[in-house]
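Comments concern the structure below.
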Amino acid sequence: MNQQDQPPPLVYYNSENEYYEYFCRVYCDSSNPIDTFDGIRVKFYPEQFYHAFYKSTSRIMHDKSIFSSERAKRINWIKWALKYRNADLFKGWNRKRRLINPCRRICVVAVDYIVIIQVEAGLQRAPFITAFIAAPETLRQIRSKPRWWLNNEYRWLLVQRLKPLWVPSYKQRTPYYSSFSKKIKESNKK
């Protein structure tokens with residue numbers, strides 16, 4: 001087994017502040033950018049620390065009120081997961097619209113560790129959303145989603161910087177979305 005196949009060692013600090021300072025120093029420093037294995041630049045912001053390293057008391061309320069030392073110990077796993085070529089990549093889910101969101105990329109590594117990024121226009125950047133250890137039911141739901149890849153229609157949308165909030169599945173296509181298919185076919189003929 002390759003050394004890159006193994007996650008980095010866990011990080012142990014005494015306080016939330018120490019983890020926060022480490023997160024800002026390692027991830028939020030713009031002079032040391034982090035790219036995925038396929039060249040997408042991931043942008044980290046200090047505010048995302050709370051989303052990634054706090055958990056909710058209830059899955060319904062989504063209050064993120066409890067610091068999770070289990071998540072924080074795996075702080076170095078975020079960079080490793082983003083750079084890991086053999087990670088399983090899935091499309092995300094838009095909870096409000098109850099639709100697949102191909103702009104959201106879910107990376108699954110080390111059986112149950114999840115890192116989520118939001119891919120933006122032109123595949124040039126992707127803000128970090130969160131990272132966590134998935135429960136078996138959550139992992140089952142993630143693995144039931146389509147694999148993350150860019151088809152020609154969506155690539156055309158990204159290149160044109162017309163990024164939609166969501167892209168319907170094949171069964172949900174609308175005339176609006178089909179017009180982009182025609183533009184792609186026309187541009188491919190040229």
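Counting just the residues of segment 1-58 that are hydrophobic (A, V, I, L, M, F, W, C) and part of a loop (DSSP other than H, G, I, E, B), which one comes out modelled with the lowest pLDDT? Explain how you work it out, then say what you get.
Here is the first cut: in segment 1-58, the residues hydrophobic (A, V, I, L, M, F, W, C) are 1, 10-11, 23-24, 26, 28, 34, 37, 40, 42, 44, 49, 52-53.
Next, from what is left, pick out any that are part of a loop (DSSP other than H, G, I, E, B): 1, 10-11, 28, 37, 40, 44.
Numbers: 1: 55, 10: 96, 11: 97, 28: 96, 37: 88, 40: 89, 44: 97.
Within segment 1-58, the match that is modelled with the lowest pLDDT is 1.
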Would you check which residues across segment 97-148 are of a type in the set (Ser, Thr, Tyr) and assigned to a strand (DSSP E or B) and list them? 113, 130
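Which residue, of 64, 91, is surrounded by fewer than 18 Cβ atoms within 10 Å (Cβ to Cβ) and either modelled with pLDDT under 90 or not in a loop (DSSP other than H, G, I, E, B) (or both)? Walk me through it before giving the result.
Numbers: 91 fails: surrounded by fewer than 18 Cβ atoms within 10 Å (Cβ to Cβ).
Testing whether each residue is surrounded by fewer than 18 Cβ atoms within 10 Å (Cβ to Cβ) and either modelled with pLDDT under 90 or not in a loop (DSSP other than H, G, I, E, B) (or both) leaves just 64.
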Members of segment 29-61 found to be over 20 Å from residue 106 (Cβ atoms) and either of a type in the set (A, V, I, L, M) or crowded, with 16+ Cβ neighbours inside 10 Å (or both), listed by number: 60, 61
For residue 98, are the conditions met, namely being out of contact with any strand residue (DSSP E or B) (no Cβ under 9 Å at 6 or more places or on another chain), under 16 Å from residue 145 (Cβ atoms), surrounded by fewer than 21 Cβ atoms within 10 Å (Cβ to Cβ) and of a type in the set (D, E, K, R)? yes
Consider residue 14 carefully, then state whether it is free of Cβ contacts under 8 Å to residues at least 40 places away in the same chain and either under 15 Å from the mean Cα position of the chain (by Cα) or surrounded by fewer than 11 Cβ atoms within 10 Å (Cβ to Cβ) (or both). yes
I need every pair where a residue in segment 56-69 that is small (Gly, Ala, Ser) has its Cβ under 7 Å from the Cβ of a residue that is at pLDDT 75 or above and in a strand (DSSP E or B), sequence separation at least 6 or different chains. 65/54; 68/54; 68/55
If you check 72, 81, which single one turns out to be of a type in the set (A, V, I, L, M), touching a helix residue (DSSP H, G or I) at 6+ places or on another chain (Cβ under 7 Å), assigned to a helix (DSSP H, G or I) and modelled with pLDDT of 95 or more? 72
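The values are calculated or read from the model by the stated rules, or taken from the named source; none is laboratory data. The structure presented is a predicted model; accordingly, all values stated were derived computationally and were not measured. Don't worry about glycine lacking a Cβ; one is built from the backbone with ideal geometry, like all the others, and counts go over all protein chains shown.
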